[in-house]
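Peer 1: This is the structure, below, for whatever I ask next.
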């Protein structure tokens, strides 16, 4: 299990200084329910708007 989760999406509620993610858990899903074969075919469904902009 990863110790640190890094995130550059600074407009997310869970974003913290140093590009750290403060969410209790992270959920990453494939787009449109398909099997992902490239990074572009995935999304972080943990994202919640409201962090720094």
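Peer 1: So between residue 41 and residue 5, what do we pick up on full extension, going 0.36 nm a residue minus the alpha carbon distance? Mind dumping the intermediate values first?
Peer 2: Working: separation 36, 0.36 × 36 = 12.96 nm, distance 1.94 nm.
Gain in length upon complete extension: 11.0 nm.
Peer 1: For a footprinting-style exposure proxy, rank 32, 3 by other Cβ within 10 Å, fewest first.
Peer 2: With the sparsest Cβ surroundings first, the list reads 3, 32.
Peer 1: From the Cα gyration tensor of the chain, with a ≥ b ≥ c the square roots of its eigenvalues, which class applies: rounded if a/c is under 1.5, or else prolate if a/b is larger than b/c, or else oblate?
Peer 2: Note, shape of the chain comes out prolate.
Here, each number is a calculation from the coordinates, and none is a lab measurement. Computed from a predicted structure; not experimentally measured. We place every Cβ from the backbone using ideal geometry, glycine too, and count neighbours over all the protein chains shown.
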